[in-house]
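Before anything else, here's the structure in question.
The values are calculated or read from the model by the stated rules, or taken from the named source; none is laboratory data. Everything quoted here is computed from the prediction, not taken from an experiment. Cβ placement follows ideal geometry from the backbone for every residue including glycine, while neighbour counts extend to all protein chains displayed. In case anyone asks, the SASA skips ligands and DNA or RNA and just uses the protein heavy atoms, side chains included. Shrake-Rupley method; radii C 1.70, N 1.55, O 1.52, S 1.80 Å.
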2 protein chains.
Amino acid sequence: MSDLTHVYAYVDARREEFVDLLLRYLRQPSISTQDVGVEVCAELVLGMMRDCGLEARLLPTAGKPVVFGQRAVDPGRRTVLIYGHYDVQPVDPLEAWETPPFEPTIRNGRIYARGAGDNKGQHLAQLLAVRSYLATEGALPVNVKVILEGEEESSSPHLARFVEEHRELLAADLVYTSDGPVHESGRPQVVLGVRGILYVELRARGPKSDLHSGNRGGVVPNPAWRLVEVLASMRDAHGRATIEGFYDDVRPLTAAESAAIARLPLDLAKVFASYGVTRLPPPEGLGYYERLMAQPTLNICGFASGYSGEGMKTIIPATATAKLDMRLVPDQDPDDVFEKLTRHVRERAPDVAVARLGSMLPSRTPIENPYTQAVIAAVAEATGEEPLVVPSLGGSLPDYVFTRILGLPSVTVPYANPDESNHAPNENLEIERYLKGIKICATVLRNVGAPEPATAAARGAAVA
Amino acid sequence: MSDLTHVYAYVDARREEFVDLLLRYLRQPSISTQDVGVEVCAELVLGMMRDCGLEARLLPTAGKPVVFGQRAVDPGRRTVLIYGHYDVQPVDPLEAWETPPFEPTIRNGRIYARGAGDNKGQHLAQLLAVRSYLATEGALPVNVKVILEGEEESSSPHLARFVEEHRELLAADLVYTSDGPVHESGRPQVVLGVRGILYVELRARGPKSDLHSGNRGGVVPNPAWRLVEVLASMRDAHGRATIEGFYDDVRPLTAAESAAIARLPLDLAKVFASYGVTRLPPPEGLGYYERLMAQPTLNICGFASGYSGEGMKTIIPATATAKLDMRLVPDQDPDDVFEKLTRHVRERAPDVAVARLGSMLPSRTPIENPYTQAVIAAVAEATGEEPLVVPSLGGSLPDYVFTRILGLPSVTVPYANPDESNHAPNENLEIERYLKGIKICATVLRNVGAPEPATAAARGAAVA
């Protein structure tokens, strides 16, 4: 594989220009939830893509357009599909910003602006990696495709449909994303998946209106009791879900994943202090990261029935409602889990209604995948640090559109600093991390394009 | 016993005057929860008591004064203690009244005004019974004492203390009250007790603030689950409370009480339709009125945790709170039940806090008591109808201050029409029922004063 010294030097030499480009991008608001500036921003990044050497165009969706770019090198070569989003979070509370969110300002080596880390700085780094590679090496080692969506902060309502409708256009060997922060220790990390989610609402009905608990107490069914009892039937004494078949499709961690998890830093006392708790929840016998990454949850997000104000109100409530979310792990399927949960409720409390409010499939790209190893090695080479490998996030993102719809490995390498304040006032991105992101991406392209990605993995391991 | 023909005729002859007296009383607002006119009203009814032949005075409490009146006949004679309240409910929504609440108006044989039935018309009937008896017979057959409190609509916060501090002054053989409506069929009823109450709040704590259910799901205890599980542990599969000893002190119905309950009208289909339900709650095997009158409840008045708005919010809630009320029957004691419930929770979930928000003892005067029988007979004689006998109300009133603190039988005979709209706009009292109330009370006094109250009971039975 080629040495990337020239690419890295090119990036370092153009520091000021690359920062100016990001500042220009950040000056353009693009708040999708409030429909502020999104289309104008799409045009802006379309031009930036072209400036970086990609053939680019806007592809419509039922919502905001996807900005698509590609640089075809050779059909015989591998293809990397880069994902990012050009929309940003709202800015409120505006008064909490030290400098205006769309007037990017540099302080102490950081760029402060809405979207700096989430996600403009991170995907601009990918575009600049293409440009830097081309400028120094003359040609890319892989075919590159880029999709930047404009609705990520609105929960990507049209992404799955878009991917389904553009399977051929998006054909690739690896999906590569940069979003979120590096590990809180500052070490780089490579993220290989997310938990899915199934969100349901259970509703029990009692009398047609709240009734006096003295005058009617004992002769009218109480929906709160109904819901308490059906919920209680969903967990055993050890805190394990009793919904039949709930765990059937839980894929055990591989040896490599278990080893990666074991290497993740953990200070449980500090974790407890920060959450204000004193113990892990049931069931027992599971490690901290195993719980977060490899186990599903059955979580009560809300329970509302009757009176919740101060003091006493003596009623039999008319309704009781519980909201549950289940974080799902491979190979659980929200459709299947919903059916199992519905059957559980129907068999025990047929009068309790179950509504499905939302769902998303889980995803997990194998750590043993050669492209995963190629990315890990690239991060190690570009940063000089062995990255932490995170088999899964605890949360849920639409990564399944790549792993399940396109059937591709999907690897995320966050570039942002841990205190990037995404979704908060004074969002910022360290300039050094931005530049390092460009180098990481260039190295990923080189490694994926290498004749045998596993070779790159061996090289990466040597760095550790 | 003397024939009451003269008393009844006297009442009928003074219909207009007795109605005018009530109108005058109703013109005086006396809203205790809003502190409107209560003291002025106490002075007004004090004068009315005197006009009816009672020695009367105001007795202070830590709140509003009690208006006390008595007519001592002979220490060797029996004594009836009459209870009522001169305060009234607030009037809102004022716009829903057809005529102003404190400008009493007669329409279709009814007096419309706040307090008409609850409770001014009903206790004024008692005072006028004394007056009518004296005017026709020259002397009362019993000693009569009357206490009218000014805080009943504020939950009688000082009544128990008042009764404790005036045991000698209030010494009597029977407590007699008129409040609430006759049976919805229009038939008179005699009420012999109430259920008590214990109201508690359970609170479980999770993380110090709501946490993201993806990022933390599986590693942070969920307080809603904690509360669901401790609540579920309080009931068995048949809906019976599992709190150890909860039912220990439940006094079975006597044969007479069971017989009285069996005679109460019941149209279960109509009841279900009016509540919008299709079945009685668990446990099975209990009659409708037995549930309401002779069984305790363990009722969830409210359960609040996490998110209860529209759609999805993915959190692990910081807290979960449940409010429970238990309606208690003789001889359950709220102190004892609270201790048992607290022990149940402590043994299973020591981190769940239990707070006691309020309580009241149950009461039940035996149907077999000779004074009860005397009252039943009096109602039958004065109305020409065999009254329904209700061993207990489902709700809770401070009747225990008479049965437990004074150790007296306490009997309630409602005079108001079933559609009196107490606690609602357009409260009203049928004039015929008001006059009938005067006659009933006079007959009660005659019967209780009879050498052998059981004789009166025999006479009443003959009327049926």
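Within segment B:54-90, how many residues are part of a loop (DSSP other than H, G, I, E, B) and among the small types (Gly, Ala, Ser)?
Number satisfying all stated conditions: 4.
Going through A:MET326, A:MET293 one at a time, which residue ends up being within 12 Å of chain B (Cβ to nearest Cβ), part of a helix (DSSP H, G or I) and open to solvent by less than 20 Å² (accessible area, probe 1.4 Å)?
On inspection, the qualifying residue turns out to be A:MET293.
Taking segment A:296-319, which residues are under 30 Å from A:ASP248 (Cα atoms) and at the interface with chain B (Cβ under 7 Å from one of its Cβ atoms)?
Selection gives A:THR297, A:ASN299, A:ILE300, A:CYS301, A:GLY302, A:PHE303.
Is at least one residue of segment B:63-70 open to solvent by 10 Å² or more (accessible area, probe 1.4 Å), without any contact (Cβ under 8 Å) to a residue 60 or more places away in the chain and either touching a Gly at 6+ places or on another chain (Cβ under 8 Å) or under 30 Å from B:GLU452 (Cα atoms) (or both)?
The answer is no; no qualifying residue exists.
Considering segment A:215-232 alone, what residues qualify as being among the aliphatic types (A, V, I, L, M) and within 19 Å of B:TYR288 (Cα to Cα)?
Those that are among the aliphatic types (A, V, I, L, M) and within 19 Å of B:TYR288 (Cα to Cα): A:VAL219, A:VAL220.
Continuing with the same structure: From B:VAL194, B:VAL200, B:VAL182, B:VAL175, which residue is within 30 Å of B:LEU435 (Cβ to Cβ) and within 12 Å of chain A (Cβ to nearest Cβ)?
Exactly one residue qualifies, and that residue is B:VAL194.
Next question, about the same structure. So A:CYS52 ticks every box in (1) open to solvent by less than 20 Å² (accessible area, probe 1.4 Å); (2) within 30 Å of A:ASP92 (Cβ to Cβ) but one. Which box is left unticked?
Single failed check for A:CYS52: (2).
Please verify whether B:ILE243 is touching a Phe, Trp or Tyr at 6+ places or on another chain (Cβ under 7 Å), among the β-branched types (Val, Ile, Thr) and at pLDDT 95 or above, treating the condition exactly as stated.
Criteria not met by B:ILE243.
May I ask you to list the residues in segment B:187-216 that are open to solvent by less than 20 Å² (accessible area, probe 1.4 Å) and out of contact with any Leu (no Cβ under 8 Å at 6 or more places or on another chain)?
B:LEU192, B:GLY206, B:PRO207, B:SER213
Let me ask something else. Out of (1) among the hydroxyl-bearing types (Ser, Thr, Tyr); (2) closer than 21 Å to B:VAL146 by Cβ; (3) surrounded by fewer than 16 Cβ atoms within 10 Å (Cβ to Cβ), the odd one out for B:THR99 is which?
The number of the failed condition is (2).
For segment A:330-343, indicate whether the set of residues that are surrounded by 21 or more Cβ atoms within 10 Å (Cβ to Cβ), over 18 Å from B:TYR307 (Cβ atoms), aliphatic (A, V, I, L, M) and away from chain B (no Cβ under 13 Å) is non-empty.
yes
Working only within segment B:32-45, note down all residues that are touching a Gly at 6+ places or on another chain (Cβ under 8 Å) and open to solvent by less than 10 Å² (accessible area, probe 1.4 Å).
Correct list: B:VAL38, B:CYS41, B:ALA42.
Could you say whether any residue in segment B:416-431 is surrounded by fewer than 22 Cβ atoms within 10 Å (Cβ to Cβ) and closer than 24 Å to B:LEU328 by Cβ?
Scanning segment B:416-431 turns up at least one residue that is surrounded by fewer than 22 Cβ atoms within 10 Å (Cβ to Cβ) and closer than 24 Å to B:LEU328 by Cβ.
Can you spot a residue in segment B:254-265 that is part of a loop (DSSP other than H, G, I, E, B) and within 21 Å of A:GLY276 (Cβ to Cβ)?
Scanning segment B:254-265, I find no residue that is part of a loop (DSSP other than H, G, I, E, B) and within 21 Å of A:GLY276 (Cβ to Cβ), so the answer is no.
With the condition kept exactly as written, say whether any residue in segment B:396-413 is in a loop (DSSP other than H, G, I, E, B) and touching a Gly at 6+ places or on another chain (Cβ under 6 Å).
Yes: one or more hits.
Tell me the residue from A:GLY218, A:GLY214, A:GLY206, A:GLY138 that is at the interface with chain B (Cβ under 9 Å from one of its Cβ atoms) and free of Cβ contacts under 8 Å to residues at least 60 places away in the same chain, please.
After applying the criteria, what remains is A:GLY218.
Shifting gears a bit: Considering only residues that are touching a helix residue (DSSP H, G or I) at 6+ places or on another chain (Cβ under 8 Å) and either part of a helix (DSSP H, G or I) or more than 7 Å from chain A (Cβ to nearest Cβ) (or both), look in segment B:268-290 and name the one that is surrounded by the fewest Cβ atoms within 10 Å (Cβ to Cβ).
B:THR278
Can you pull out the residues in segment A:24-39 that are out of contact with any Ser or Thr (no Cβ under 9 Å at 6 or more places or on another chain) and in a helix (DSSP H, G or I)?
A:ARG24, A:TYR25, A:LEU26, A:GLN34 - these are the residues of segment A:24-39 that are out of contact with any Ser or Thr (no Cβ under 9 Å at 6 or more places or on another chain) and in a helix (DSSP H, G or I).
Might you check whether a residue that is among the charged types (D, E, K, R) and open to solvent by 30 Å² or more (accessible area, probe 1.4 Å) occurs anywhere in segment A:257-264?
Yes, segment A:257-264 contains at least one residue that is among the charged types (D, E, K, R) and open to solvent by 30 Å² or more (accessible area, probe 1.4 Å).
Same structure again: Could you give every pair whose Cβ atoms fall below 6 Å, whose first residue belongs to segment A:312-333 and is more than 22 Å from A:ALA232 (Cα to Cα), and whose second residue is open to solvent by less than 10 Å² (accessible area, probe 1.4 Å) and among the hydroxyl-bearing types (Ser, Thr, Tyr), counting only separations of at least 6 or pairs across chains?
Final answer for the pair search is A:MET312/B:TYR199; A:THR314/A:SER213; A:ILE315/A:SER213.
Here's a follow-up. Name the pairs whose Cβ atoms lie under 7 Å apart, with the first residue in segment A:231-250 and more than 14 Å from chain B (Cβ to nearest Cβ), the second open to solvent by 60 Å² or more (accessible area, probe 1.4 Å) and at pLDDT 95 or above, and 6 or more positions between them or separate chains?
Sorted first by the residue in segment A:231-250, then by its partner, the pairs are A:ASP249/A:ASP331.
Right, something else. Here's a check for you: in segment B:350-392, which residue that is outside any loop (DSSP other than H, G, I, E, B), crowded, with 22+ Cβ neighbours inside 10 Å and within 14 Å of chain A (Cβ to nearest Cβ) is modelled with the lowest pLDDT?
Top of the filtered list is B:MET360.
B:MET1 fails exactly one of the following numbered conditions: (1) in contact with a Gly (Cβ under 6 Å, 6 or more places away or on another chain); (2) at pLDDT below 95. What is the number of that condition?
The number of the failed condition is (1).
Please find, among B:ALA160, B:ALA139, the residue that is in contact with a helix residue (DSSP H, G or I) (Cβ under 9 Å, 6 or more places away or on another chain) and under 27 Å from B:ASP12 (Cβ atoms).
Answer to the selection: B:ALA139.
How many residues does segment B:1-26 hold that are among the aliphatic types (A, V, I, L, M) and either crowded, with 20+ Cβ neighbours inside 10 Å or touching a strand residue (DSSP E or B) at 6+ places or on another chain (Cβ under 8 Å) (or both)?
Total satisfying the criteria: 7.
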